[in-house]
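One structure is given below, encoded as structure tokens.
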Amino acid sequence: MKTKIWLTEGLSSQRNIIQSVNDFSHNGGREITIYASHRHERNEILSVAHFSLIEPQDESQRLAFITAIVKEHGIDVIHAGRNGRWFETHRQAIEALGVALTTGAISVDTIDLADDKVAFAQFMESKGLPVVPSLRVSTVGELKQLLASTPFEAPCIKPVKGIYGMGFWRFDDTVSPMTVFNYPERRRVNTEQYIAACEAARSFEPQVVMPYLPGPEYSVDMLVDHGNVLAAVGRRKEDALQYLENTGDAWALAQACAQAMNADGLVNVQTRNDASGKPLLLEINMRPSGGIGYTRHSGVNLAGLYAAFKLGQLTADEVQALARSSFSPAVVRSVTDVVAYDHVLANKLNTGV
């Protein structure tokens, strides 16, 4: 029986994923051994796994490191977190070791498509799925010209490539130039101020201009097997509260998006409602979201289901049945918390690689 899963360096949810797999294993009486790794000494993450590893800083050493660990410890499944594209480009070499690899996708092209918000929007349109209108600007001149005759009543802007909403701003000429400094969380900026900052910069990163949508925003976390959605939990975001759902137009649209992208693994799709209440696709993340741990409050343990499925301990039908029977609507709110940090990892493996 396959029991060993390796969760490589992820983004903000790696600790929650490890804890979720642990809980699923303990509560269900399933044998799952978790290996976790990170480039940095993130002991608060690595300490909750059975075994921990420090990844090489140099990307060129990564494949040799993976090869040595898989051979020495008999790893069955590798989940790529932060470096999904690198893992996908090395899929053949990694799977030749006899290990199953999850990157969120099954091709580099799909990962690149998801990372380009304008190309993603165009692809969704070609599939007949409703998506937020997105216009690419590659120079400051193009931006100025577009904003002078924008087809959007309330335009906003963000980088073509980026995560966590970094670089997102709403153009609002009624706000003071100091708003961007005093209240950055409002995400509002004076148009002239934004243009002046772009002109003062030495380079211009491609941006996407789109209309601002009133919302609410939905974030749908899913377990997908080669485009087949096995489990999905939606989070409807309204102010500080998030409502966990497994029905509705946004929930269904997110699944159609994952299917169109042939997603594979733990992925996340975000939508936002327009003024008529119709959900439009914003983006897909070919990786777990930062809030995947919130979905546990619905009774559905997506990370646990993923681990058991990839290890062959659950079939696709069993995962779907468990996700349906376990779900219960819930309302959650994020709170600030801290954990004790131990400078010594008792579970650290000395690899010598």
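At-a-glance table
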| quantity | calculated |
| --- | --- |
| Magnitude of the charge dipole, the stretch 123-249, Cβ model with Lys/Arg +1 and Asp/Glu -1, debye to 20 | 260 |
| Relative contact order (%) - the chain, alpha-carbon pairs under 8 angstrom, separation at least six | 20 |
| Residue-by-residue Karplus 3J(HN,Hα) for the stretch 96-101, coefficients 6.51, -1.76, 1.60, Hz, glycine and proline x | 5, 7, x, 10, 8, 10 |
| Å² per residue, accessible surface of the stretch 251-353 at 1.4 Å | 46 |
| Residue-wise HN-Hα coupling along the stretch 76-87, computed from phi with Karplus coefficients 6.51, -1.76, 1.60 (Hz; x: Gly, Pro) | 9, 9, 10, 9, 7, x, 6, 9, x, 5, 4, 4 |
| Burial order of peptide ranges 13-23, 51-61 (average beta-carbon count within 10 Å, highest first) | 13-23, 51-61 |
| Percent carbon-and-sulfur accessible area, the stretch 137-230, ignoring ligands, DNA and RNA, probe 1.4 Å | 53 |
| Packing-based ranking, highest mean first, of 134-143, 211-220 given that Cβ atoms within 10 Å are counted | 211-220, 134-143 |
| Length released on extending from Asp274 to Asn350, taking residue separation times 0.36 nm less the Cα-Cα span | 22.1 nm |
| Selection from Phe168, Tyr183, Val131 lying farthest towards where the dipole of the stretch 82-208 points positive, charges on Cβ | Tyr183 |
| Over 27 Å (Cα to Cα) - which of Lys71/Lys161; Lys2/Lys127; Lys158/Lys278; Lys161/Lys310; Lys161/Lys278 fall in this group | Lys71/Lys161; Lys2/Lys127; Lys161/Lys310 |
| Peptides ranked, highest mean first, by Cβ atoms within 10 Å: ranges 328-341, 113-126, 236-249 | 113-126, 236-249, 328-341 |
| Lys, Arg +1 and Asp, Glu -1 on Cβ, resulting dipole of the chain about Cα centre, debye, nearest 20 | 220 |
| Cut-off under 5 Å, modelled amide H: who pairs with Ala36 long-range | Leu7, Phe51, Ser52, Leu53 |
| Counting DSSP beta bridges with both ends in the chain, the antiparallel % (nearest 5) | 70 |
| Neighbour net charge for Val269 - beta-carbon separation under 10 angstrom, K R +1, D E -1 | -2 |
| Given charges at beta-carbon only (K, R positive; D, E negative), |dipole| of the stretch 193-263 in Debye | 80 |
| Selection from Pro211, Thr8, Ala196 lying farthest towards where the dipole of the chain points positive, charges on Cβ | Thr8 |
| Label-point separation in nm, Lys161 to Ala201, each point 7 Å along Cα→Cβ | 1.4 |
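The values are calculated or read from the model by the stated rules, or taken from the named source; none is laboratory data. This structure is a prediction, so every number in the text was calculated from the model and none was measured. We place every Cβ from the backbone using ideal geometry, glycine too, and count neighbours over all the protein chains shown. Protein only, heavy atoms only, side chains kept; ligands, DNA and RNA dropped before computing areas. Shrake-Rupley method; radii C 1.70, N 1.55, O 1.52, S 1.80 Å.
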